[in-house]
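**Student:** One structure, pasted below without further comment.
The values are calculated or read from the model by the stated rules, or taken from the named source; none is laboratory data. Just so it is clear, the model here is predicted, and its values are computed rather than measured. A quick note on method: Cβ atoms are made from the backbone with ideal geometry, for glycine too, and the neighbour counts reach across all protein chains shown. Calculation scope for accessible area: heavy atoms of the full protein, side chains included, ligands and nucleic acids excluded. Shrake-Rupley method; radii C 1.70, N 1.55, O 1.52, S 1.80 Å.
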Amino acid sequence: MTTVAASWADLLEGEEIAYRGVEPAREPVVGALPDDLDPRVASALAANGITALYRHQAEAWEAARRDENVVVTTGTASGKSLAFNLPVLDAIARQPKTRALYLYPTKALAQDQARSLAGLRLKGLRPAIYDGDTPGERRWQVRKWANAVLTNPDMLHVGILPHHDRWGDVLANLRFVVVDEAHVYRGVFGSHVANVLRRLRRLARVYGSEPQFLLASATIANAGELALELTGEPATVIDHDTSARAEREVVIWNPPLLDAELGLRASPLGDAARLLSQLTTRGLRTICFAKSRKAAELIHRFAAERVDVATARRLAPYRAGYTPEQRRDIERRLVEGELLGVTATDALELGIDIGLLDCAISVGFPGTVASLRQQWGRAGRRGRGLAILVASDDALDQFFAREPDALLSRRVEAAILDHANPRILDPHVLSAAFEAPLDDGDADILGREALRRAAELPELEKTAAGYVWKGRDYPAARVSLRSGDAEAFTVVDGETGSLLGLVERDRAYSTVHEGAVYLHLGEQYLVELLSLDDRVAVVSPARVDWYTQAKKESETTIEASERADRRLGLELHFGRVSVTEQVVAYARKAVRDGSTIDVVPMLMPETTFETEAVWFCPEPGQLEGLEQMPKLLGTLHAAEHSLIALLPLWAMCDRWDIGGLSTNVHYQTGRPTIFVYDGHAGGVGITERGFDRFEDWVEDTVRLLERCPCAAGCPSCVQSPKCGNLNEPLDKAGAKLLLGRMTA
């Protein structure tokens, strides 16, 4: 293994190395297959080379045998799939009429698991996929014949539950519900899925079954809490990873500084391509993760240009948009060692099996430590591995480059969701009433709040049987699980007519206004038309060297303070606020350096939404010397931006999920005030996590400001890509002083 390490050692000696360390190897803890496992399952496993279990797999088996719900939260390649498959396989071997439902966030993962189950060749096991691609003539066969049905939450929501009469036999015999990649179900998406799973439990009970939940997740801080929030039932947490792990060298690579005053660095894509070409030239199998399809394609192209023809043929990009056949071919070539280097988007981050690799490169922090760990877990599957984070100029990336311990010793984030948010709950209450009349007996599954909302929703009618749906359509079809807003705008490619995405109404006015540059999977589109009546944005492909940023006028109204505490020398509040915004212009900015090309006036409709927020008023002593305008406003504004940039360290979210407002005098508090609010109407718990971890959050933010080498603020500290005031005014020194005094 020393020779493998030596083959990359000389690549890791330049000024770009912000951190270099080693994660030690781990010996596995294994035991025999359980004595009470059905012999037919044991034989099928043995035929596939599985004759023992890791200790955590055995613990999951024992908990499932006690009829407990289970959540397994261990590292990449630690055998989570076997942990949740074992109880299912055993039950089906003993009673083939037993049904299990597998939920996956992507179709590719469901296909992967279906192949794995079929490959076991267990007599009586009949796996089948049921999703939007399943032909109509095959769907009735799946319902009638399959005992392991693999689908996704969207299909369960709109294609299965509203038509439960066709699924009566499945629901009556439903013994297990498997929820894989559970950490993906957070924020708005997770809050919707939590309601879908409660509707599933309710209908299963109607048909006489009480399914057991088996969940698997990347390593997160609150696996038990997430399982409870998702399913409404407690689960036994299996979190001690006993699988084998090879020694892994970990590197944080920070592209060299080109302009210290402006904080400009060399391109992370260029550096990643250089690393990929050098590693693959030395025969090291390497995967490189990029945040967008365009970035993955560019890194592939740059790397291919740097290597000889023979090596270039052994490089390939892998992304969404390829046909299943193309993707399977790339996966096969990777597994067999024919490919040396792959550039991928997040499609490969989740648990698709791609075989044994030496190196993993993550270009830009992927948003959560859990995701980064999953990507890095690909490295070292055949010996000593190398895992590299190539930092972008984003504030969080630069924070980690300067504070490696904040990343490497951090207990991973908490996955946050709130299924009772009325904006999310209401469509599921309507859907549940369509599926079966709602009465007080449903409160233990759907929640007391669901019954309260049923009494207030005009689309429902109270009858002797309970609350029933009055409409003629079915309400599940009205709501997307990926959006918190029933009034979302549709983004359509004007050239092909294809649907590119959905944008919540509250965000549409600032992201898909006419003239805006819209990004889809890393590709640029120019918004040609925004129809407010039809809620449609028509876009066309574009290649421009500028981006757009909306200028907004905002006002935040405090509706209620629900928690207040004396923290860091001031009064900290958490509660409900109303945010009113109006887009009044947009700026075109150069991609190269962020400079403003021009500002185009426009007036969009005013929007108001209620959400959750944390807010505080700095004390006079904390603002001493900062009281004069415009220094005061610049100080508060820069502090707000830097706090928003680092909140994702504590809650699994993106900075785009968070908003903020800072003012020198707020009309309700009468004092300088900083608000950080949840960007989703109703809130999903993100800012409450900030309230709970306020001291840690502010301390991290102070370190970010202290260590950033720029003179007056840059995208790596106080500038925000989504600022409604176009990043004016900002006073980095003032923010550093204010937040530093709070933590002193």
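**Student:** So, by mean Cβ neighbours within 10 angstrom, what's the order for 597-610, 503-516, 446-459 with the highest one leading?
**Tutor:** Top of the packing list down: 503-516, 446-459, 597-610.
**Student:** Would you calculate a helix-derived [θ] at 222 nm for the chain, using -39,500 (n - 2.57) for each DSSP H run of n ≥ 4 and dividing by the full residue count, to the nearest 500?
**Tutor:** Values: 24 runs with 248 residues, N = 744.
After summing the helix terms and dividing by the residues of the chain, the value is -10000 deg cm²/dmol.
**Student:** So with the 1.4 Å probe, I'd like the accessible area per residue for the range 89-247, rounded to whole Å².
**Tutor:** 34
**Student:** Which cysteines in the chain lack any other cysteine whose Cβ sits under 4.7 Å from their own Cβ?
**Tutor:** Singleton cysteines: CYS288, CYS359, CYS617, CYS653, CYS723.
**Student:** Also: Could you please state, rounded to a whole Å, how far the C-alpha centre of the range 705-744 is from the C-alpha centre of the range 74-88?
**Tutor:** 44
**Student:** Here's a follow-up. Taking the Cβ-Cβ separation of GLU562 and ARG66 as r and a Förster radius of 51 Å, what is the calculated FRET efficiency to the nearest 0.05?
**Tutor:** The pair GLU562/ARG66 has a calculated efficiency of 0.85.
**Student:** To continue, here is another question. With labels modelled as points extended 7 Å from the Cα through the Cβ direction, what inter-label distance (nm, one decimal) is found for ALA52 paired with HIS520?
**Tutor:** 5.1
**Student:** Treat each spin label as a single point 7 Å out from the Cα along the C-beta direction, and report the ARG448 to SER540 distance in nm.
**Tutor:** That separation, rounded to one decimal, is 5.8 nm.
**Student:** While we're looking at this one, here's another question. Out of residues 5 or more away from ILE50 or on other chains, whose amide H comes under 5 Å of its own, with H placed 1.01 Å from N in the peptide plane?
**Tutor:** Those qualifying (amide H under 5 Å, at least 5 residues apart or on another chain) number zero.
**Student:** Another question, then. Relative contact order for the chain using alpha-carbon pairs under 8 Å, separation at least 6, rounded to a whole percent?
**Tutor:** Relative CO of the chain lands at 12 percent.
**Student:** Distance between Cα centroids, the range 645-678 to the range 509-532: provide it in whole Å.
**Tutor:** Comparing the Cα centres of the range 645-678 and the range 509-532, I get a distance of 26 Å.
**Student:** Quick one: net charge around VAL684, please, counting Lys, Arg +1 and Asp, Glu -1 for every other residue with C-beta under 11 Å from its C-beta.
**Tutor:** Values: positive: ARG186, ARG423, ARG689; negative: GLU229, ASP418, GLU612, ASP657, ASP678, GLU688.
Combined, the nearby Lys, Arg, Asp and Glu give -3.
**Student:** Could I ask something else about it? Could you give the length gained on full extension between ARG139 and THR743, defined as 0.36 nm per residue of separation minus the Cα-Cα distance, in nm?
**Tutor:** Roughly 211.4 nm would be gained on extension.
**Student:** Something else: Please identify the GluC sites (Glu not before Pro) of the range 234-282 that satisfy two criteria: DSSP loop assignment and at most 11 other Cβ atoms within 10 Å. Which are they?
**Tutor:** GLU261
**Student:** Suppose all protein chains stay in the model; what accessible area per residue would a 1.4 Å probe give for the range 597-686, in Å²?
**Tutor:** Dividing the accessible area of the range 597-686 by its residue count gives 34 Å².
**Student:** Carbon and sulfur together cover what percent of the accessible area of the chain at a 1.4 Å probe radius?
**Tutor:** 50
**Student:** On to the next question. When ranked by the protection proxy of mean other Cβ atoms within 10 Å per residue, highest first, what sequence do the peptides 469-477, 167-175, 656-664 form?
**Tutor:** 656-664, 167-175, 469-477
**Student:** Would you mind checking which residues have amide H under 5 Å from GLN719's amide H? H placed 1.01 Å from N; only 5 or more apart, or other chain.
**Tutor:** CYS714
**Student:** Another question, if that's okay. Just to be sure I understand the model, the point goes 7 Å from the Cα along the line to the Cβ. What's the resulting ASP696 to ALA712 distance in nm?
**Tutor:** The modelled label-to-label distance comes out at 3.6 nm.
**Student:** Multiplying the sequence separation of THR669 and THR281 by 0.36 nm and subtracting their Cα-Cα distance, what value in nm do you get? Walk me through the numbers on the way to the answer.
**Tutor:** On the way: separation 388, 0.36 × 388 = 139.68 nm, distance 6.22 nm.
Residue separation times 0.36 nm, minus the Cα-Cα distance, leaves 133.5 nm.
**Student:** Give me the extension gain from LEU257 to ILE17: residue separation times 0.36 nm, minus the current Cα-Cα distance, reported in nm with one decimal.
**Tutor:** Working it through step by step, the gained length comes to 85.2 nm.
**Student:** Compute the separation of the alpha-carbon centres of the range 388-455 and the range 271-285 and state it in Å as a whole number.
**Tutor:** Taking the Cα centre of the range 271-285 as reference, the centre of the range 388-455 is 38 Å away.
**Student:** If you count only protein heavy atoms with a 1.4 Å probe, what accessible area per residue comes out for the range 486-565, rounded to a whole Å²? Intermediate values should be presented prior to the final figure.
**Tutor:** Numbers: 4080 Å² over 80 residues.
On a per-residue basis, 51 Å².
**Student:** What residues from the range 235-249 fall in the zone where the backbone N is under 16 Å from a label point 7 Å along the Cα-to-C-beta line of VAL30?
**Tutor:** Correct set: 242-246.
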